[in-house]
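Structure record follows, encoded as structure tokens.
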Amino acid sequence: MRYFDEESRDLTHAAIKRHAKAFADMYEITVDVTIEPSTPPTKNDAALAKIATNAGTKVFGSNKVSEFPRAMNSEDFSYYLKEAPGVYGIIGIYNEEKNTIHAPHDDHYELDEDILKLGAAWHVEFALEFLGTESN
């Protein structure tokens, strides 16, 4: 199961166990509920997200930067964010001329290698801003 926050996870798990016990009591049976852990929610650090947005605006242009809507993605990156502040950003790849119109996990996915240099530039600009150094 996926959640936006740990509180929702805890409430959902408790409700599942509570309802399972109620059904078990009603039908005079026993039940054992095991909920396997899932990846934690990916939550960006607000200050680092602001730096990433500023860096992205410099690299891509203000008309190319937007806030990604909340989604219940399952990202291993969330484990890193539990250990240290961080930010998870996404670079769009949609380009009909290059047939890069499919998402990375799609069987028809094609990588537009020209976007790699922009991604690298975004990381460099982020590092410069994080360190308090202005790029030229």
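The values are calculated or read from the model by the stated rules, or taken from the named source; none is laboratory data. For clarity, every value in this text was computed on a predicted model and none was experimentally measured. Virtual Cβ from ideal backbone geometry, glycine too; neighbours counted across all protein chains shown. Please note that ligands, DNA and RNA were not included when accessible areas were found on the heavy atoms of the full protein model with its side chains. Shrake-Rupley method; radii C 1.70, N 1.55, O 1.52, S 1.80 Å.
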**OP:** Among what's in segment 109-136 and is in contact (Cβ under 8 Å) with a residue 60 or more places away in the chain and among the acidic types (Asp, Glu), pick the residue that is least open to solvent (accessible area, probe 1.4 Å).
**Re:** 125
**OP:** Among the numbered conditions (1) surrounded by 11 or more Cβ atoms within 10 Å (Cβ to Cβ); (2) of a type in the set (Ser, Thr, Tyr); (3) out of contact with any Phe, Trp or Tyr (no Cβ under 8 Å at 6 or more places or on another chain), tell me where residue 100 comes up short.
**Re:** (3)
**OP:** Could you tell me whether segment 40-50 includes any residue that is within 30 Å of residue 132 (Cα to Cα), at pLDDT below 95 and loosely packed, with under 11 Cβ neighbours inside 10 Å?
**Re:** no
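Rundown of residues vs (1) modelled with pLDDT under 95; (2) among the small types (Gly, Ala, Ser), yes/no style:
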| site | (1), (2) |
| --- | --- |
| 58 | no, no |
| 64 | yes, no |
| 75 | yes, no |
| 79 | yes, no |
| 86 | no, yes |
| 95 | yes, no |
Original post:
Among the residues of segment 109-136, how many are in a loop (DSSP other than H, G, I, E, B), closer than 27 Å to residue 47 by Cβ and either in contact with a helix residue (DSSP H, G or I) (Cβ under 8 Å, 6 or more places away or on another chain) or of a type in the set (Asp, Glu) (or both)?
Top reply: 2
**OP:** Sort through 121, 71 and tell me the only one that's at pLDDT 95 or above and among the aliphatic types (A, V, I, L, M).
**Re:** 121
**OP:** Could you name every one of the helices (runs of 4 or more DSSP H) located completely within segment 1-108 that has at least 3 residues being over 18 Å from residue 120 (Cα atoms) and in contact (Cβ under 8 Å) with a residue 12 or more places away in the chain?
**Re:** 6-26, 77-83
